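The values are calculated or read from the model by the stated rules, or taken from the named source; none is laboratory data. Everything numeric here is computed off the predicted structure, so don't read it as measured data. Virtual Cβ from ideal backbone geometry, glycine too; neighbours counted across all protein chains shown. Keep in mind that these areas ignore ligands, DNA and RNA; they rest on the heavy atoms of the full protein, side chains included. Shrake-Rupley method; radii C 1.70, N 1.55, O 1.52, S 1.80 Å.
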Amino acid sequence: MGKRKNNISGLSGLARYVFDTPEPTSSPGPSSTSENDSASKATTHDSSKLGTQGEHLETQRHSDALDTRPKKKAKLQTGLLGPGLEKYDATGLVPFYTDASQVPEHLQKYFSQRERFFSLYSSGCLLDEEGWYSVTPEAIADQIAERCRCDVILDAFCGVGGNAIAFAKTCERVIALDVSPVRLALARHNAALYGVQDRIEFVLADFFSFARTLKQRTHRKIDVVFLSPPWGGPSYLSTSTSASPSKSLSQTPKSASSSALARDPDTAAAEDTYADYSLAHIRPMHGAELFEVARGLTRNIAYFLPRNTSVDEISRLVADVPGEHVEIEEEWMGSKLKALTCYFGGLVAGQEALFDK
Ligand code: MGP
């Protein structure tokens with residue numbers, strides 16, 4: 001079984017893809033600022049004596065010029081991660097907001113959910129714009145990770161790392177891909193805050209090229225692929241393909257397979273009505289094609305999709321596979337349906353026997 005056993009052989013070959021975060025740019029951090037402060041204090045002190053002790057100063061400068069001893073190294077800037085984690089620190093790549101007054105208007109609603117996205121947000125988690133609107137809330141990421149428990153999981157679109165961090169808690173090894181070096185650096189920074197950076201291989205690559213390369217290396221085994229691709233931006237709910245009201249799960253009674261996450265039926269608000277979301281809006285390619293690429297690696301797929309995704313389109317993904325079902329999990333936070341996670345292959349309850357096939 002590929003479920004939760006130590007089977008990480010062959011992973012070393014991935015090392016050449018591993019993305020090395022550039023050293024943080026040298027914006028003055030708290031420690032270097034305080035050093036500068038003390039340096040400027042010394043100058044002030046000397047200047048104040050200039051009238052009476054000018055000669056002494058000249059002598060001092062002269063001996064400084066002759067001093068060939070190596071200069072004391074500037075103290076390393078530690079940034080948000082603190083000492084010992086400098087090589088993962090992405091401080092300065094994006095703003096770290098601590099107060100709503102610093103946040104642009106269009107990101108305000110996401111900032112107000114920051115502790116839901118990352119419970120350690122205030123310790124220094126970093127998100128870029130895309131991260132703010134697409135990161136999976138931590139409770140949901142943990143729920144998905146529990147269901148995906150296995151040896152090697154591939155997070156095909158890791159973004160700022162919300163899911164990869166959760167997978168690192170339940171899987172032996174996480175391969176986290178992204179096409180953006182900045183987002184990958186942010187993901188690694190965030191993983192370091194959670195202390196799980198060593199369980200994740202951060203790979204700067206697009207999923208399609210990576211999958212192709214992987215397939216050529218038959219000794220490589222991926223147990224589960226997690227797909228959380230771009231949905232076409234934050235306005236995905238208004239991206240409709242039909243004029244008819246949605247027949248997606250958000251419009252129907254809660255399914256038997258829906259999430260165990262807290263949802264109080266008494267307080268559940270009436271769901272908004274949106275037209276069906278089509279997999280055709282998934283980026284960078286049609287969501288059905290993306291699914292096929294992932295199935296080329298394993299049949300165990302977890303696919304994170306908009307809450308108004310057409311159920312017909314989801315079920316059609318495995319319509320040609322005799323006897324295989326898809327399980328659609330509703331991801332609720334309180335009274336709000338946030339998204340759907342669709343499980344395939346051995347991740348489906350009752351289909352576990354498919355996991356290693
Ligand atoms: P949302 O509906 O944009 O947010 O996204 P929210 O806060 O529910 O807004 P409201 O106006 O509906 O109240 C809900 C969740 O979907 C987010 O927290 C993300 O986890 C996820 N999500 C949103 N987008 C736009 C994407 C995306 O493009 N890709 C992925 N993978 N997830 C997304």
Per residue Cα convex hull volume for segment 102-168, in cubic angstrom? 80 Å³
Carbon-plus-sulfur fraction of the accessible area of segment 102-164, 1.4 Å probe, in percent? 47 percent
What Rg and what Dmax come out for segment 179-241 when only alpha-carbon atoms are used, in angstroms? 15.2, 44
Hull shadow area, averaged, segment 84-138 [alpha-carbon convex hull, nm²]: 4.0 nm²
Per-pair calculated FRET efficiency, R0 = 35 Å: SER119 and ALA349 via Cβ, rounded to 0.05: 0.80
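Per residue, how much accessible area does segment 300-347 show when a 1.4 Å probe rolls over the protein heavy atoms, in square angstrom?
Details: 1380 Å² over 48 residues.
That works out to 29 Å² per residue.
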What are the ³J(HN,Hα) couplings of segment 157-169, residue after residue, when phi is run through the Karplus curve with 6.51, -1.76, 1.60 and θ = phi - 60°? Round to Hz, x for glycine and proline. 9, 6, x, 8, x, x, 6, 4, 5, 5, 5, 5, 7
Using a simple spin-label model with points 7 Å from Cα along the Cα→Cβ vector, what separation in nm is obtained for ASP320 and SER235? 3.5 nm
Of LYS169/LYS357; LYS336/LYS357; LYS215/LYS338; LYS87/LYS336, which sit over 27 Å apart, Cα to Cα? LYS336/LYS357; LYS215/LYS338; LYS87/LYS336
Evaluate the Kirkwood expression for the hydrodynamic radius of segment 281-357, namely the inverse of the mean inverse distance over all pairs of different C-alpha atoms, and round to one decimal in Å. 13.1 Å
Using the heavy atoms of the protein chains alone and a 1.4 angstrom probe, what is the accessible area of segment 79-213 per residue in square angstrom? 35 Å²
